[in-house]
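The values are calculated or read from the model by the stated rules, or taken from the named source; none is laboratory data. These numbers were taken from a predicted model, which means no experiment stands behind them. Virtual Cβ from ideal backbone geometry, glycine too; neighbours counted across all protein chains shown. Note: areas computed on protein heavy atoms with side chains; ligands, DNA, RNA excluded. Shrake-Rupley method; radii C 1.70, N 1.55, O 1.52, S 1.80 Å.
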Amino acid sequence: MLRPNLLKSLACAGTFAVLACMVIAAATAPRMVTAQDDFDFSGGLIPQFPASSFSAKTNEPATWTASYDAEPGTTLGELKIEVKLAKGWHIYSTTQPSGGPLPTKISVAKPDSVKATASFKPDREPTRSVSTEFKGVTIEEFENRVTWTAPLSIPADYRGPISIELDALVCTSDGSCLPIEETLEATTENGTPAAAPLKSFREPGYVVAWTAELSPPRVAPGGKTTLIVTAIPDPTFHVYPAAVDDANFSTNFAITEKSGLKIGAPTTDSAIGAMTIAPSMPPIEYHLGKVKWSLPIEVPTSVMPGKLSIAGLIAYQACDDKSCLQPQALSLSAELLVSVDVAGESTDAANLPAVVLVSAKAAAARDAAAMTQWVDKLSSDVGNLQSGVAAPIKRTEVALADAPVPTSPISFPIVLLMAFAGGVILNVMPCVLPVVGLKVMSFVKQAGEDRGRVLRLNYVYVLGILSVFALLAGLAVGISFSWGEQFTYFPVRLGLALLLFALALSYLGVWEIPVPGMASGKASQELQSREGYLGAFSKGIFTTILATPCSGPLLGYIFGLTFALTSLQTVIVIMSVGVGMSLPYIIIGARPQLVSWLPKPGPWMETLKQFLAFLFLFTVAFFFAGFRDDQRVPVFVTLIGVWFGCWMIGLVPNWESMNKRLTAWAAGLLTAVGIGWAAFNILGPGELKWEPYSEARLAQLQSEGRTVMLDFTAGWCANCKVNSLVAIDTVKTREMMEQLNAVPMLADWTDQNEEIKAKLTELQSRSIPLLAIYPGSSSAPPIVLRDLVSQSDVLEALEKAGPSVEVGTNRAKTMTAVSSSSEIIVEEIAQY
């Protein structure tokens, strides 16, 4: 048994030993931390204290917060980890090179359905220095504060907490370090789970998702709200800043229905970058990632309580660093609830109307943006718009020096060589082969001619090729006209489709082209015997025009590089393509003996020509597929008209007298033009911009006091088409509808539709055509016109229905009437 004095001695000795160990540890701690080339931190030489355990005795060196922003209705989100460092402390980057201090590691732990889809990025570059203690390793560190973000994949219906695991090292300048292992809980940015997810809209196959909401969705008269529109492009893609006109490189906004509300221009605080395309052009701005636009809305005090409709169009385009996708558009419709007692009413999001987004035509949206002056001067505006551009947009500018400026990754001589090779390859592209086939046959005929004529004919053909390339080069430099951009114009596509179809008919023997070297029938042997200069030049032009929609290998890349070239370099590149395309004909013109390997003229040439006709027809089908749905029927009928006109021309062979041939040509051309004109005027798009019928939409329009003309039709109903042509979808009807501010609505019964059938039953009809006009100024029953109708019938019915009225006006009249009645009753009681 130990004596008490001995116990006291041992206790004192133990206490002294503990104090000595603590002193030694404190003295050697810097060496243990800094000498990581000799020691591994993971071995446990430094205690792994959680940062929170120091907060009671010392100032906490690092304070961590975590949050995430999940876009409603989508699986896209962003995780944000922020650390605030005490004075004198620093933390190392997530990309700290090995061999030095421990890098910061951040990972998503729970739930398993949430993933970080890319590495965490800091909000600024770290401070870098080369360490002598770590044998030349670069040290990457942050002081004061740093925020790391990473894109997030999250279930659309999950807005709960996310568990984040941290493994980091914070140190002071004197070498004292503290390892941190911590688990954080990230919530949505406002600290609470999000409300019911918004429904997102995405054009099928496109790379941008959209959401929209009114915040708040219910306001009092004289109050304010905001229409929030969000674009979420896929990674690597971007969209352009907002504009309220049809400006290029913009997201074009047009509000087409305001119901008496005042709406301001779109603003955003989303970051904007800039790209310099050419020194002579201003930089093109674009948004970096997700963009949230806010359209402020003021409700006038004179507006009566109820639902007010808002509708609009947005045209947009997605691009990445190398190319752009086809422009798209969407239409939005929303209902704002105006209520006197906003605070006393339920704000359950499930019971509030959502903003509806549907697909729209890009051309229509840009036209609306150009023609609609919709932006109002709001009470909170400080200067509003200048030149139709949304000036109030807030910007987090990206310096031009830091923005991605396109530069050619290869030298200019290599670009020229690739352009030249791409031009040579163009000669074997599918669109070009039929005309090149004709040229090959002309080579056969040239084999027996004198060398000088062969050389001249081929150079004239080359001149036709180069003339088109010179024109395209001028347009590219002068107005930034892109390769193949002419095919974005409907008249160009239609004209080429008709011309190709006519050529195919000529190759099949329906008619004969009177141009030497391009005639096709056996009856034109005299014209065919020698290719004329006009024929050679025409073939050169025609071949090049057909080449533009068939960019072969290399050309797409080459023409993309022209964005980084000067105007002179762009011209040289485009002409190099033309020289490459012309090379085979230049060589053959200089050395005609090269065509000696071709077979001699014979029946094979006629067979080849007929085969080329089918290649032309395939090209016609290619163009036909590019027409809009409402254009295809009139285009098809126009093709039949061309066929009929060519047949009429072919009835008179080229060896007949000039008078007979001119008469046949005149009759054929007039017939083809007449059929085409009738096709587009009878079968083409009408005068009215129809809304598709739905009972909900009809009820909404009636509640707004709108006059509605509802036309029941079907593709199999001949009388319906007659009515549309002569009485309904006409200029006079459109003018009357505009005067009445009425809405045209189309119930298409081509396919079985129970909602339309029920509406017909309600209107006491089992057949169509039927036209129902709903007055906007009263709750009177619709005016119904059955079977065939005349223009006067429709105009009289519309005039009887009367104009649309504003919701506020209707209700004001009602309230005035009620007030007047009350005053009369009060006066009568007083007299009594």
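Structure summary
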item: Positions within segment 210-234 being within 17 Å of Val299 (Cβ to Cβ), among the hydrophobic types (A, V, I, L, M, F, W, C) and either open to solvent by 40 Å² or more (accessible area, probe 1.4 Å) or in contact with a Lys or Arg (Cβ under 9 Å, 6 or more places away or on another chain) (or both), in sequence order; result: Ile228
item: Count of residues meeting criterion [modelled with pLDDT of 55 or more and open to solvent by less than 20 Å² (accessible area, probe 1.4 Å)] in segment 543-560; result: 8
item: Test for Phe644: is it free of Cβ contacts under 8 Å to residues at least 60 places away in the same chain and in a helix (DSSP H, G or I); result: yes
item: Matching residues, segment 722-760, being closer than 14 Å to Ser792 by Cα and among the hydroxyl-bearing types (Ser, Thr, Tyr); result: Ser724, Thr730, Thr733
item: Evaluation of Val635 against (1) open to solvent by less than 30 Å² (accessible area, probe 1.4 Å); (2) modelled with pLDDT of 80 or more; (3) farther than 30 Å from Leu688 by Cβ; (4) under 46 Å from the mean Cα position of the chain (by Cα) (one fails), failing number; result: (3)
item: Yes/no for Ala758 being surrounded by fewer than 16 Cβ atoms within 10 Å (Cβ to Cβ) and not in a strand (DSSP E or B); result: yes
item: Qualifying residue in segment 724-732 (condition: touching a strand residue (DSSP E or B) at 6+ places or on another chain (Cβ under 7 Å) and part of a helix (DSSP H, G or I)); result: yes
item: Only one of Ser302, Ser259, Ser270 that is in contact with a His (Cβ under 6 Å, 6 or more places away or on another chain) and of a type outside the set (A, V, I, L, M); result: Ser270
item: Residue tally, condition more than 19 Å from Ala265 (Cβ to Cβ), among the hydrophobic types (A, V, I, L, M, F, W, C) and not in a strand (DSSP E or B), over segment 283-304; result: 3
item: Verdict on Gly674 being under 30 Å from Asn741 (Cβ atoms) and at pLDDT 80 or above; result: no
item: Cβ-Cβ under 9 Å pairs, at least 6 apart or on other chains, segment 648-666 side at negative phi and at pLDDT below 85, far side outside any helix (DSSP H, G or I) and polar (S, T, N, Q); result: Arg661/Asn654
item: Selection count, segment 708-734, where residues are more than 33 Å from the chain's Cα centre (by Cα) and surrounded by fewer than 16 Cβ atoms within 10 Å (Cβ to Cβ); result: 7
item: Any hit, segment 789-811, residues being surrounded by fewer than 15 Cβ atoms within 10 Å (Cβ to Cβ), modelled with pLDDT of 90 or more and part of a loop (DSSP other than H, G, I, E, B); result: yes
item: Those residues of segment 737-755 which are crowded, with 19+ Cβ neighbours inside 10 Å and more than 25 Å from Lys800 (Cβ to Cβ), in sequence order; result: Trp749
item: Matching residues, segment 90-128, being open to solvent by less than 60 Å² (accessible area, probe 1.4 Å), within 25 Å of Asp174 (Cβ to Cβ) and part of a strand (DSSP E or B); result: His90, Ile91, Tyr92, Pro122
item: Any pair with Cβ under 7 angstrom, 6 or more apart, that starts in segment 210-230 at a residue that is aromatic (Phe, Trp, Tyr) and ends at one that is open to solvent by 40 Å² or more (accessible area, probe 1.4 Å) and assigned to a loop (DSSP other than H, G, I, E, B); result: Trp210/Ser200
item: Qualifying residue in segment 269-284 (condition: closer than 18 Å to Thr211 by Cβ, under 19 Å from the mean Cα position of the chain (by Cα), buried (at least 18 other Cβ atoms within 10 Å of the Cβ) and at pLDDT 80 or above); result: yes
item: Members of segment 670-685 found to be open to solvent by 40 Å² or more (accessible area, probe 1.4 Å) and either in contact with a Ser or Thr (Cβ under 8 Å, 6 or more places away or on another chain) or not β-branched (Val, Ile, Thr) (or both), listed by number; result: Leu670, Ile675, Trp677, Phe680, Asn681, Leu683, Pro685
item: Residue within segment 766-784 that is surrounded by fewer than 13 Cβ atoms within 10 Å (Cβ to Cβ) and part of a helix (DSSP H, G or I) present; result: no
item: Candidates Thr230, Thr256 - the one that is in a strand (DSSP E or B), under 26 Å from Ala150 (Cβ atoms) and either modelled with pLDDT of 90 or more or acidic (Asp, Glu) (or both); result: Thr230
